[in-house]
Amino acid sequence: MLQGLMQDDFQLTIPAIARRLQSCYSDREIVTLREDGPDHVTYEAVGERVSRLARALDRLGVAPGERVGTFAWNNQRHFELYLAVPSVGAVLHTVNVRLFPEQIVYIINHAEDRVVFVDDSLVPVLAPLVDQIVGVRHWVVMGDGPIPEGLPGAISYEDLLADAGEGVYDFPEIDERQAASLCYTSGTTGNPKGVLYSHRSIALHSTTMCMADGLGLSASDRLLAIVPMFHVNAWGLPYSAALTGATLLMPGPHLQGEPLARLIEIEEATLIAGVPTVLSGLLEHVEQHGGDVSSVRGGICGGAAVTRGLMEGYERHGISILQAWGMTETAPLLTIARPATGLDGEEAWADRLTAGRLSPWVEARIAGDDGAEPHDGEATGEVEVRGPWVASAYFGDESQSDKFNGGWLRTGDIAAIDERGFVRLTDRAKDLIKSGGEWISSVELENELACHPSVREAAVIAMPDERWSERPLACVVLEDGHTPAPKVLRDHLAPSFARWQLPSSFAFIDEVPKTSVGKFDKKVLRAQLAEDELEIASVEPVKS
């Protein structure tokens, strides 16, 4: 076999990303929103601090392959850990600060974190859990003031760096298939599961995010990364910014509409990325109180279904928000719903309302009873995916087989894929409603309900029914000042659904329960239904 004459042994690693950041973009900045306003630091200064941090990790006895935990918001220090920890051969483990206490304890223990870096504002969250956490040798507190009490033998991050000495750190050689970071799923069923990313997977995924059909990131951009750094590596955006030299805007814990709008205006953000709940809050603030967001040209939104109403709201301000789909097991990007070239009007919306087109290097199939279904936009089934940033097993549970199918990852999402590679999600497998032997998509009902002007958000779950086995129950949050009107909502759905698919029962609630990453937590609604905690209003029953 004739071999290519290329430098195929060049390693795709995070140290290579860090070197590029320093050599090509030293004058660019990372900006962190603090209580007294934005704080600017050049990438050159960040690079010097990363060298100090690497030496400090050596002094703390962090060995190759050991896990280093972070419990922190989006800020400069967290970004420094993103670069330094994998570059010394250790594994960065970002702990979701919004998990329940027992889940936080579980994943720190399961990951066997040896050092944990924590923002000073989050010490009160961790301190009560210390006695249940085993194996942590050092707690390092990141902040500018005194160290809060509660963590035994806590070390100041800034003191740690000050004592580490100057000079460029000689990073070890890293194999691109070596583990770089560890993220855990949000644990909607059972305990959270660990996904262990390699350097190679992060490098390829982050490069794809920079592409024109991805986020289209460049050195001229000022990226507001709202998506948390403790959630799937902030969708790889910190590494994408380092690759392109984009200025990185970090909101810290300030995720409400007002501070985000202020940061956009002051720093002239050009791109934004976040989950629907946060972007909805930002849009609501701008439309009610004003704010100059004219610098923003676009962004991506994911983590949950993005409604047309939300995207149209941003369009009113000249901002094109694109829906993205993925999961922790896929690093997370699988698709982005950028419409095909040349389409406009409703044809473009038809593309934008899908999950999007499959990203380069990602392959997908629709699993049917007799093998893979055709990509014709009609046949539906569970989506299975494979690619260089798709998990092959869970950390600490490599024998688990129900999620991994002969080199393919079972996503749990039901969808159709068309001949252009656009994925149209119809539901989660566990959220489909089987009524009279026929399937009803909860997601399609939710999306249509969300288009009604009186509806802020809606989640649809299955309700037991003696005759039909299951019927859809629409749990609806109304906009302020609107009154419950089940028949109005049912009539709104009628043109888009068969009569037997329409919900006859509605529950009007104050808020749809959500997971730590902003997804609808339907298991809470199911439990409330089982305990008769939902007040249900009915309209005329469905007739056969």
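The values are calculated or read from the model by the stated rules, or taken from the named source; none is laboratory data. Owing to the predicted nature of the structure, the values given are computational and were not obtained by experimental measurement. FYI the Cβ positions are ideal-geometry reconstructions off the backbone, even for glycines, and counts take in every protein chain you see. Ligands, DNA and RNA are excluded from the accessible area calculation, which covers all protein heavy atoms including side chains. Shrake-Rupley method; radii C 1.70, N 1.55, O 1.52, S 1.80 Å.
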Exercise. Here are some residues: A304, A348, A324. Which one is part of a loop (DSSP other than H, G, I, E, B) and either among the hydrophobic types (A, V, I, L, M, F, W, C) or free of Cβ contacts under 8 Å to residues at least 60 places away in the same chain (or both)?
Worked result: A304
Exercise. Taking R49, is it in a strand (DSSP E or B), charged (D, E, K, R), in contact (Cβ under 8 Å) with a residue 24 or more places away in the chain and closer than 29 Å to P146 by Cα?
Worked result: no
Exercise. Got a number for residues in the stretch 79-102 being in a helix (DSSP H, G or I), within 18 Å of R19 (Cα to Cα) and of a type outside the set (S, T, N, Q)?
Worked result: 8
For this session: Among the candidates V125, V141, V136, V118, single out the residue that is in contact (Cβ under 8 Å) with a residue 12 or more places away in the chain, of a type in the set (A, V, I, L, M) and over 23 Å from G252 (Cα atoms).
Result: V136
For this session: Inspect the stretch 450-468 for any residue being under 30 Å from A180 (Cβ atoms), touching a residue at least 60 places away in the same chain (Cβ under 8 Å) and open to solvent by 30 Å² or more (accessible area, probe 1.4 Å) and give the result as yes or no.
Result: no
For this session: Mind listing just one residue for me: the one in the stretch 300-341 that is open to solvent by less than 20 Å² (accessible area, probe 1.4 Å) and of a type in the set (V, I, T) and, of those, farthest from P360 (Cα to Cα)?
Result: I319
For this session: State whether the residues of the stretch 406-415 include one that is open to solvent by 50 Å² or more (accessible area, probe 1.4 Å) and closer than 25 Å to W349 by Cα.
Result: no
For this session: Could you name every one of the strands (runs of 3 or more DSSP E) located completely within the stretch 365-456 that has at least 1 residues being closer than 23 Å to A337 by Cβ?
Result: 371-373, 381-386, 408-417, 422-428
For this session: Filter the stretch 516-535 down to residues that are out of contact with any Leu (no Cβ under 9 Å at 6 or more places or on another chain) and assigned to a loop (DSSP other than H, G, I, E, B) and give me whichever is nearest to S454 (Cα to Cα).
Result: E535
Problem set entry | Residue match in the stretch 351-364 (condition: touching a Phe, Trp or Tyr at 6+ places or on another chain (Cβ under 6 Å) and part of a loop (DSSP other than H, G, I, E, B)) | yes
For this session: Working carefully through the options L204, L217, L223, L182, find the one that is within 14 Å of L333 (Cα to Cα) and at pLDDT 95 or above.
Result: L204
Problem set entry | Qualifying residues in the stretch 187-214 (those that are open to solvent by 30 Å² or more (accessible area, probe 1.4 Å) and in a loop (DSSP other than H, G, I, E, B)) - the one nearest to A90 (Cα to Cα) | K193
Seminar exercise, completed: When V31 is run through (1) open to solvent by less than 40 Å² (accessible area, probe 1.4 Å); (2) out of contact with any strand residue (DSSP E or B) (no Cβ under 8 Å at 6 or more places or on another chain), the failure sits at (2)
